[in-house]
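Peer 1: The following block contains the structure, expressed as structure tokens.
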Amino acid sequence: MKLIAPKPFLTETGNRAVLLLHGFTGNTNDVKRLGKYLSDRNYTVHAPLYKGHGSGPDQLIKSNPMEWWNSAIEGYDELRSRGYDEIAVAGVSLGGIFSLKLGEERPTKAIVSMSAPALAKTTDSLQSRIVDYAINYKKLSGTYDEAVDTRTKIAELMEMPSLINLQNLINETSDNLNTIQSPVHILRGFEDDEYYCESADLIYSSIKSPIKSVKTFVNSGHILTLGKERELVFEEIYHFFESLKWKE
């Protein structure tokens, strides 16, 4: 089975711009429906695809976390180059921590952080995500052999030493949350791992912005933009952006 590789997308429909950022081992399909929801309501939306993502696991392990972050920066710069000087950012999982990091380093109109990691994660747990990705990719492409493609064997082939840099990036971003001044809306799923719920509390307490809030979706898991409450998530994000004072 030939897989169709996801691509970055950019839809210009209004003067208000939103950068959408996907998760670790995810791709732009994570935020595609959210992008359409916002573009249908006159928001310009852009979702970059991180380097190494959206294709085979061999490409993923050849990339590194700073390249993923640079992909997010390039997405922001693309919107700036097109004349948008007010840019909101919304990201899920790793995209959520990238959204916060952008708020620390670049002018941002507002930030929506969904299921973001803000506490130290072990590299073992991150490596396990790589193994899951490799197995799922093999199954989708029709190349999975249960007798050969064991977790142990794939873990040996898919080792990614640069994951320590991802751990450091998460920690450094968390250490600088108190520098964010943009409005921040933090979303989390009640059915997500407790780690991410605790991370949401840490993000909220660390940010010093005068406008900050937390919303919990009780029937949702980790990727809020794909879950069964996704329409409620989209509506929540839209109303948050609509509450801001944008330039005409």
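The values are calculated or read from the model by the stated rules, or taken from the named source; none is laboratory data. These figures come from a predicted structure and were not determined experimentally. Cβ placement follows ideal geometry from the backbone for every residue including glycine, while neighbour counts extend to all protein chains displayed. All accessible areas refer to the heavy atoms of the entire protein, side chains included, with ligands and DNA or RNA removed. Shrake-Rupley method; radii C 1.70, N 1.55, O 1.52, S 1.80 Å.
Peer 1: Restricting attention to region 86-102, does a residue exist that is farther than 22 Å from Lys51 by Cβ and in contact with a helix residue (DSSP H, G or I) (Cβ under 7 Å, 6 or more places away or on another chain)?
Peer 2: Yes; the residues of region 86-102 include at least one that is farther than 22 Å from Lys51 by Cβ and in contact with a helix residue (DSSP H, G or I) (Cβ under 7 Å, 6 or more places away or on another chain).
Peer 1: If I ask for residues that are touching a strand residue (DSSP E or B) at 6+ places or on another chain (Cβ under 8 Å) and assigned to a helix (DSSP H, G or I), which ones from region 99-112 would you list?
Peer 2: Of everything in region 99-112, those that are touching a strand residue (DSSP E or B) at 6+ places or on another chain (Cβ under 8 Å) and assigned to a helix (DSSP H, G or I) turn out to be Ser99, Leu100, Leu102, Gly103.
Peer 1: Specify the residue that is farthest from Leu126 (Cα to Cα); the eligible residues are those in region 157-188 that are of a type in the set (A, V, I, L, M, F, W, C) and open to solvent by 20 Å² or more (accessible area, probe 1.4 Å).
Peer 2: Leu157
Peer 1: Scanning region 66-98 for residues that are in a helix (DSSP H, G or I) and either of a type in the set (D, E, K, R) or at pLDDT below 95 (or both), which turns out farthest from the chain's Cα centre (by Cα)?
Peer 2: Arg80
Peer 1: Filter region 112-144 down to the residues that are open to solvent by 30 Å² or more (accessible area, probe 1.4 Å) and closer than 30 Å to Glu236 by Cα and list them by number.
Peer 2: The answer is Leu119, Ala120, Lys121, Arg129, Tyr133.
Peer 1: A further question on this structure: Might you let me know whether region 139-154 holds any residue that is hydroxyl-bearing (Ser, Thr, Tyr), in contact with a Phe, Trp or Tyr (Cβ under 8 Å, 6 or more places away or on another chain) and more than 20 Å from Glu67 (Cα to Cα)?
Peer 2: No, there is no match, as no residue in region 139-154 is hydroxyl-bearing (Ser, Thr, Tyr), in contact with a Phe, Trp or Tyr (Cβ under 8 Å, 6 or more places away or on another chain) and more than 20 Å from Glu67 (Cα to Cα).
Peer 1: Continuing with the same structure: Hey, among Leu21, Leu38, which residue is crowded, with 18+ Cβ neighbours inside 10 Å, modelled with pLDDT of 95 or more and closer than 20 Å to Ile203 by Cα?
Peer 2: Within the list Leu21, Leu38, the selection yields Leu21.
Peer 1: If you go through region 203-220 one residue at a time, do you hit one that is exposed (fewer than 15 other Cβ atoms within 10 Å of the Cβ) and of a type in the set (D, E, K, R)?
Peer 2: Yes, region 203-220 has at least one match.
Peer 1: To continue, here is another question. Checking the structure you have, find out if any residue of region 85-95 is open to solvent by 20 Å² or more (accessible area, probe 1.4 Å) and not aliphatic (A, V, I, L, M).
Peer 2: Yes: one or more hits.
Peer 1: Where residues in region 130-150 are touching a residue at least 12 places away in the same chain (Cβ under 8 Å) and in contact with a helix residue (DSSP H, G or I) (Cβ under 7 Å, 6 or more places away or on another chain), which of them is nearest to Leu163 (Cα to Cα)?
Peer 2: Step by step, filter region 130-150, then rank; the result is Ile130.
Peer 1: Right, next: Being open to solvent by 70 Å² or more (accessible area, probe 1.4 Å), more than 20 Å from Gly52 (Cα to Cα) and touching a residue at least 60 places away in the same chain (Cβ under 8 Å): is that true of Glu191 here?
Peer 2: For Glu191, the condition - open to solvent by 70 Å² or more (accessible area, probe 1.4 Å), more than 20 Å from Gly52 (Cα to Cα) and touching a residue at least 60 places away in the same chain (Cβ under 8 Å) - is not met.
Peer 1: Which of the following residues is within 16 Å of the chain's Cα centre (by Cα) and open to solvent by 10 Å² or more (accessible area, probe 1.4 Å): Lys101, Lys109?
Peer 2: Just one listed residue meets the conditions, Lys101.
Peer 1: Can you confirm whether region 54-65 contains a residue that is in contact with an Asp or Glu (Cβ under 7 Å, 6 or more places away or on another chain), open to solvent by less than 60 Å² (accessible area, probe 1.4 Å) and assigned to a loop (DSSP other than H, G, I, E, B)?
Peer 2: No, region 54-65 contains no residue that is in contact with an Asp or Glu (Cβ under 7 Å, 6 or more places away or on another chain), open to solvent by less than 60 Å² (accessible area, probe 1.4 Å) and assigned to a loop (DSSP other than H, G, I, E, B).
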